[in-house]
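The values are calculated or read from the model by the stated rules, or taken from the named source; none is laboratory data. Quantities reported herein were computed from a predicted structural model and do not represent experimental measurements. Here the Cβ is made from the backbone with ideal geometry for all residues, glycine too, and neighbour counts use every protein chain on show. Protein only, heavy atoms only, side chains kept; ligands, DNA and RNA dropped before computing areas. Shrake-Rupley method; radii C 1.70, N 1.55, O 1.52, S 1.80 Å.
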Amino acid sequence: MQRRSFLNLVSSLVAVLFLAAAAPFAGAQEIPKPGPRDLCPVCGMLVSKYPNWVAVVTWKDGHAHFFDGAKDMFKFLGNLDKYARGHRKEDIGGIYVTDFYNLERIDARQALYVAGSDVLGPMGHELVPLANKADAADFMKDHKGRKTLAFDGIDADILRNLDSGKM
């Protein structure tokens, strides 16, 4: 009987340790991937065809919008009334872009974006997301980037310039 009590105690401790270790991640939202039929709400392209450029806006209710590049994601965020009626910025759960170098999803608000480079995305001239200053500096040198921008530094004028190739 003592052995059974000991095993119960050990299994209880393991469960408590597991829950304690998982606590920081409780509520952390998993970044969804686009399905084969997900369309960019801005341009209508199939997003899954361009996995190296995927951007995602997730909502607190669990659904997501996918984009074929950061440029369209910024257009979407700048005009929710046009692209996502009934959605409010306060209901956004997360915003993610695909880092150019490691191809992993990163927080779009923490990323840096290079504009005016010789790298084109699915919709032409694109904001190229990078995870940190060192990567942005390397990318600027290697790909003739014209400007490095933070999330809050991207506005409608920059997006229009990219669309018209005037960066």
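Some observations on this one:
- Accessible-area composition of the stretch 111-162, carbon plus sulfur, in percent [1.4 Å probe]: 51
- Where the Cα pairs of the stretch 76-167 fall when distances are cut into 10 Å bins, in %: 16, 46, 31, 7, 0
- FRET efficiency for ASN132 and ASN52, using Cβ-Cβ distance with R0 set to 25 Å, rounded to 0.05: 0.85
- Coupling constants for the stretch 67-76 follow from the phi torsions by the Karplus curve (6.51 cos²θ - 1.76 cosθ + 1.60, θ = phi - 60°), and in residue order they are 9, 8, x, 5, 4, 5, 4, 5, 4, 4 Hz; glycine and proline get x.
- Based on C-alpha pairs under 8 angstrom that are at least 6 apart in sequence, the stretch 41-167 has a relative contact order of 22 percent.
- Relative contact order [Cα under 8 Å, 6+ residues apart], the stretch 104-166, whole percent: 41
- The label-point distance for ALA84 and TRP59, in a model that sets each label 7 Å from Cα toward Cβ, rounds to 0.7 nm.
- Per residue accessible area of the stretch 35-167, 1.4 Å probe, in Å²: 51
- Under a model in which nothing but the beta-carbon of Lys, Arg (+1) and Asp, Glu (-1) is charged, the stretch 76-139 shows a dipole of about 340 debye around its Cα centre.
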